[in-house]
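One structure coming up, written as structure tokens, with questions to follow.
Bear in mind that the values in this text are calculations on the coordinates, not laboratory data. Keep in mind the model is a prediction, meaning the values are calculated, not measured. Virtual Cβ from ideal backbone geometry, glycine too; neighbours counted across all protein chains shown.
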Amino acid sequence: MKAAPFDYIRAESESHALEVLQQHGADAKLVAGGQSLVPMMAMRLARPSVLVDINRLTALKGVENAADAVRMGACTRQRDIEHDQGLRSRLPLVAQALAWVGHIQTRNRGTVGGSLVHADPSAELPLAAGVLAARLHLRSQNGVRVVDAAEFFQGPMFTATAETECLVAIDWPVWKGAHIGSAFDETSIRHGDFAMASAACQLQLDEAGVCRRVVLGFGGVDGTPMVFPELASQLVGHRITAQAAREIAHSASSRCEPGDDIHATASFRRHLAAVLGERVLLKAAENARGASH
């Protein structure tokens, strides 16, 4: 199929893009990488009357390192992040998640902000944002507001972004200290396809191997990324054994409400989440034991 007719505007500046959004509201859509929006337009699942191209806005690209966080411009290419060794050491979970995002071709064009705003429940970067408690900067002509990831993702393909707002940057918290480990895993029909279920974990152990901090989350098994801070906190003060990981992962999966489709039933997706949750907890603990900084 072909996209419905639309007007194309190449934004000359951030203020120009915001002016167009203010003028057209819900009829306008921003595009940078286009790896999600353009296929939806081709299938006429999305029909914007105005497409605003922000791809050339250098102000929305790049990475800034602070002591406790990494700030990424929303239009930063996924492939650039994937190959940044410095970021891999500071944000290992983001690097691990990116390895599962689409294919090389889509990561070459896809942007970090585009994936987050698209808010596919099975997407990897939204899950990483939820687990790491990322903070998203939304700008309109009225100024900038900052939204926590827990409040940003509100439903399938639905976020807290207002019609006149543009996601301009993402702050990813950086954990400090030694013995920090993370892991990301998912199951799909083929590598690069949408995940039937995914799991992500980041944790920190002390010198004796006792858990001091842990976060666990699931993707693809509910309308938004699911994070379980209260459940995961039950592991704090204990060693992460296979039995403990299995119990926490099973409890977390029972709280999810996945749907049925041609690929998997809801009960099978819960089963996958439980298996993947146990796997990432144990893998993250293994990685933490081998990490000295």
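So in the chain, what percent of DSSP beta bridges are antiparallel if you round to the nearest 5? Kindly include the intermediate steps, with their values, before the conclusion.
Numbers: 40 of 48 bridges.
Among the beta bridges of the chain, antiparallel pairing accounts for roughly 85 percent.
What GluC sites (Glu not before Pro) in the range 198-253 are in a loop by DSSP, with at most 13 other Cβ atoms within 10 Å of the Cβ? Before the final figure, lay out the partial values.
Working: sites: Glu207, Glu230, Glu247; in loops: Glu207.
Within the range 198-253, the qualifying GluC sites (Glu not before Pro) (loop, at most 13 other Cβ atoms within 10 Å) are Glu207.
Then there is this: Mind checking the range 227-293 for trypsin sites (Lys or Arg not before Pro) that DSSP puts in a loop (not H, G, I, E or B) and that have at most 16 other Cβ atoms within 10 Å? Walk me through the numbers on the way to the answer.
On the way: sites: Arg239, Arg246, Arg255, Arg269, Arg270, Arg279, Lys283, Arg289; in loops: Arg239, Arg255.
Listed in order of number, the matching sites are Arg239, Arg255.
Residues of the range 19-47 with amide nitrogen under 20 Å from the 7 Å Cα-to-Cβ point of Asp261?
34-47
OK, next. Counting only helical runs of four or more DSSP H residues, what would the 222 nm mean residue ellipticity of the chain come to if each run contributes -39,500 (n - 2.57) and the total is spread over all its residues? It would help to have the intermediate numbers written out before the result.
Values: 12 runs with 103 residues, N = 293.
So the calculated ellipticity at 222 nm is -9500 deg cm²/dmol.
To make sure I understand, if each residue's beta carbon is the centre and we count other beta carbons within 10 Å, what order do Met157, Met43 fall in, fewest to most? Don't skip to the answer; put the middle values down first.
Numbers: Met157 17, Met43 11.
Ascending number of Cβ neighbours within 10 Å: Met43, Met157.
Still on this structure: Give the calculated FRET efficiency between Asp68 and Glu247 to the nearest 0.05, with a Förster radius of 30 Å applied to their Cβ-Cβ distance. Present the calculation step by step, with values, prior to reporting the outcome.
Working: r = 32 Å, r/R0 = 1.07.
According to the calculation, E is roughly 0.40.
Mind checking which aspartates and glutamates have their Cα closer than 13 Å to the Cα of Lys29? Skip sequence neighbours fewer than 8 apart in that chain.
Leaving aside aspartates and glutamates fewer than 8 places away in the same chain, those within reach of Lys29 are Asp7, Glu19, Asp53, Glu163, Glu165.
If I take every Cα pair under 8 Å that is 6 or more residues apart in the chain, average their sequence separation and divide by the length, what percent do I get for the relative contact order?
Working: 670 pairs, mean separation 47.2, N = 293.
Value for the chain: 16 percent.
Sticking with this one: Mind checking which of Ser267, Ser15, Phe153 is farthest towards the positive end of the chain's charge dipole, using Cβ charges of +1 (Lys, Arg) and -1 (Asp, Glu) about the Cα centre?
Ser267
Further question on the same structure: Compute the relative contact order of the range 180-288 as a whole-number percentage, counting only Cα pairs closer than 8 Å that sit 6 or more residues apart in sequence. Kindly include the intermediate steps, with their values, before the conclusion.
Details: 231 pairs, mean separation 36.4, N = 109.
Reported as a whole number, the value is 33 percent.
Let me ask something else. Expressed in nm to one decimal, what extension gain is obtained for the pair Ile189 and Ser233 from 0.36 nm per residue of sequence separation less their Cα-Cα distance?
Details: separation 44, 0.36 × 44 = 15.84 nm, distance 3.23 nm.
Gain on extension, Ile189 to Ser233, equals 12.6 nm.
Something else: Pulled fully out, how much extra length does the chain show between Gln22 and Glu207, if you take 0.36 nm times their separation in residues and subtract their Cα-Cα distance? Don't jump to the answer; show the numbers that get you there.
Values: separation 185, 0.36 × 185 = 66.60 nm, distance 5.37 nm.
Residue separation times 0.36 nm, minus the Cα-Cα distance, leaves 61.2 nm.
Place a point 7 Å from Cα of Ile104 in the direction of its Cβ. Which residues in the range 60-88 have their backbone N less than 16 Å from it?
78-84
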